[in-house]
Structure formats: C-alpha cells, structure tokens
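Readers should treat all values here as calculations from the given coordinates under stated rules, not as data from a laboratory. The structure presented is a predicted model; accordingly, all values stated were derived computationally and were not measured. Glycine also receives a Cβ, built like all others from the backbone with ideal geometry; neighbour counts cover every protein chain displayed.
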Amino acid sequence: MTSATTAASTSPRFGYWVAFFIFSTITLGATIEAQAHTDRLSPAAQSNQRYAVACATILFLLSIMVVILHTKPLLSSIILGTKIEGFIILVLITFWTALVAIVSDTRHGLATDSSGSIANGNLYYFSWAGLATGVGLLTSFLRSKFGFDLGGELRSRAERLQQWVWAGMLGLVQMGSSARLFDNHCGQQTGLGDAEIGTITFCRRCQLGIVIGIFTAIFSVAIVGFKLGVSRNGKLPWLFTAEIVLSGMIAGGQAGSVGFLTGQEGPAAPLNNLYYSTWGALAVGLVLVGSCVENWSTAKSSLRDGEEGVSLT
C-alpha cells in the first residue's frame with residue numbers, strides 16, 4: 001500500500017484537500033489569465049487584481065503543501081488532525097472569501113465584465129467551488145476533532161432549520177450583491193466610465209434587491225435563533241405560525257421581485273451572484289412554504305384521527 005493510499009484511508013479530509021488543490025490550481029491560472037487580459041487599468045483595479053493573484057497563490061501553496069503532507073506519515077502527524085490544521089483551514093476560508101469578493105466585483109475586470117455578467121467562467125465558478133470546499137473542510141475538521149457534526153445538528157435539531165440557514169445566507173448574498181452593484185453603478189464615485197453608469201430603473205431595482213435581501217436575512221436569522229432556543233427552553237407554540245407567515249412573506253417577496261431583478265434592465269439580468277442568490281432564495285422560500293403546509297396538513301389529519309404528539313417545529 002502506498003503512502004498516498006494510506007493517507008487517503010486514514011485522513012477523513014484527504015478527498016477535500018485534493019479537490020481544494022485542484023480548485024486552487026485552476027483559480028490561480030484563471031486569475032493570472034484574467035489579469036493579463038483585463039481592460040480595467042485604473043490604479044485601484046490593478047491593486048485589487050494583484051491582491052487576487054496573491055490570494056490565489058497563497059491558496060495554491062497551502063493546499064499543495066497539505067496534500068504533500070498526506071503522503072508523508074511522519075510529517076502529517078504534526079499538522080493533520082491538530083489545531084494547526086484547523087487554523088490553516090480558517091486562513092484558507094478567509095483568503096477564499098476575499099478572492100471571491102474581488103473577482104466578482106465589476107470594477108476589477110476579472111471574473112465579471114462591466115455589466116456584471118460572468119466573463120471568466122473558470123475563475124467565477126471555481127473560486128466559489130473552492131470556498132464551498134473550504135466550508136466542507138471546516139465542518140469535517142469540527143466533526144473529527146471536536147465531535148461537532150454541523151450538518152447533523154442542522155438536520156436533527158429542529159424541523160426546517162437547515163433550510164432557514166440557507167435562506168439567511170442567500171439573503172445576505174442577495175443584499176450584498178445588490179448593494180455592491182448599486183455602489184458601483186449608481187454611487188457618486190463608481191470608478192466606472194460614464195457609459196457604465198446605471199439607469200434610474202437599474203438603480204431602483206438594485207435598491208429593491210437590497211431591501212428584499214435584508215428582510216430575507218432578518219426573518220431567517222430570527223427563526224433560526226428561536227428554533228435553536230426550542231431545544232433548550234421547550235416548544236414555542238407560536239413558532240410554527242411565525243414560520244408559515246415569514247416563509248410566505250419570503251417566497252412572496254422573492255417571487256414578486258425576481259422579475260424586476262432578473263429582467264432586461266435588472267441588476268441580475270446577467271449571470272452573477274445576484275442572479276443565483278435571487279433564484280436560490282425563491283426556491284428555498286417555496287421549499288419552506290411547502291414543508292410548513294405539509295406539516296400543517298399532517299397535524300390536522302392526526303388531530304382529526306385523535307392522535308397526539310404531532311410536532312410542527
């Protein structure tokens with residue numbers, strides 16, 4: 001049995017690290033290529049382009065180092081499965097977050113063009129894939145090192161808790177993307193040319209995205225907080241009603257705004273972060289409404305049949 005095979009069988013994160021290395025390699029190459037062909041030549045844009053290359057380089061070097069350590073049992077025991085590995089994962093997630101923010105910004109001319117649409121698919125999608133892999137690495141580390149299964153906790157702690165967490169994250173992305181597009185194309189100092197300044201319709205729809213994202217995030221965080229408190233303080237009788245009302249408001253708000261945001265003059269008309277987060281938030285909202293209606297129907301049938309102990313939350 002080779003040392004690489006041994007590492008793969010003993011480390012629960014070897015597959016994650018290999019994927020991380022592949023994504024960081026593709027991202028580094030795509031970042032360098034995008035920088036070489038960008039038309040954004042302002043000092044601020046060039047500074048951020050250099051930051052992106054630096055982040056991608058650090059991610060590549062750290063990931064290849066850890067992959068190599070997996071093939072050296074004596075060296076791997078120093079880092080793998082220890083708090084040092086956890087610290088490395090946190091550093092990687094930090095750099096991935098910064099990289100995604102930089103390459104997705106229309107002012108920097110890397111993964112997106114002046115309209116906000118994806119100009120470099122490899123850079124855009126693999127930077128997000130790397131960030132998702134980093135989150136997977138962190139959850140795997142927490143599970144193996146501290147026995148904390150984040151995914152299992154979200155699934156088992158309370159009904160629909162995982163979906164509410166997703167709704168909150170998508171709301172934050174929607175809000176942040178709308179705010180960034182508004183600042184870039186509608187603010188006083190956009191850093192873009194006059195031809196790229198947004199129309200009144202575009203800017204108002206950006207504001208709509210900000211408002212919808214804020215409410216989606218706030219509603220979701222509130223429900224998540226109450227649901228986490230349920231397991232400690234007993235059931236909250238009104239929580240299921242709040243879930244029905246708020247999930248309906250989220251689904252209705254997202255359904256009403258998706259046409260404006262993704263329409264011809266909307267900020268999410270091109271494929272970008274706002275486009276994906278808007279449709280994603282609508283999908284999660286509909287799933288939440290469907291789950292609440294299903295639970296309500298089940299509880300109603302159980303009460304009619306004289307059964308007890310039906311849980312809605």
Each label point is 7 Å from the Cα along the Cα-to-Cβ direction; what then is the distance between the points at I58 and T201, in nm? 4.3 nm
Ordering 38-48, 122-132 by per-residue average of other C-beta atoms within 10 angstrom, highest first, gives 122-132, 38-48
If you stretched the chain out fully between I84 and K145, how much longer would it get, using 0.36 nm times the residue separation minus the C-alpha to C-alpha distance? 20.8 nm
At q = 0.12, 0.13, 0.16, 0.17 Å⁻¹, what is the log10 ratio I(q)/I(0) for the range 56-138, with the Debye formula run over Cα points and no solvent? -0.42, -0.48, -0.65, -0.71
Multiply the residue gap between A132 and Y276 by 0.36 nm, knock off their C-alpha separation, and tell me the result in nm, one decimal place. 50.3 nm
Expressed in nanometres to one decimal, the distance between label points 7 Å along Cα→Cβ at T298 and V211 is 3.7 nm
What whole-number distance in Å separates the alpha-carbon centres of the range 54-79 and the range 161-186? 33 Å
Rounded to the nearest 0.05, what FRET efficiency do L41 and S115 have when you use their Cβ-Cβ distance and R0 = 22 Å? 0.75
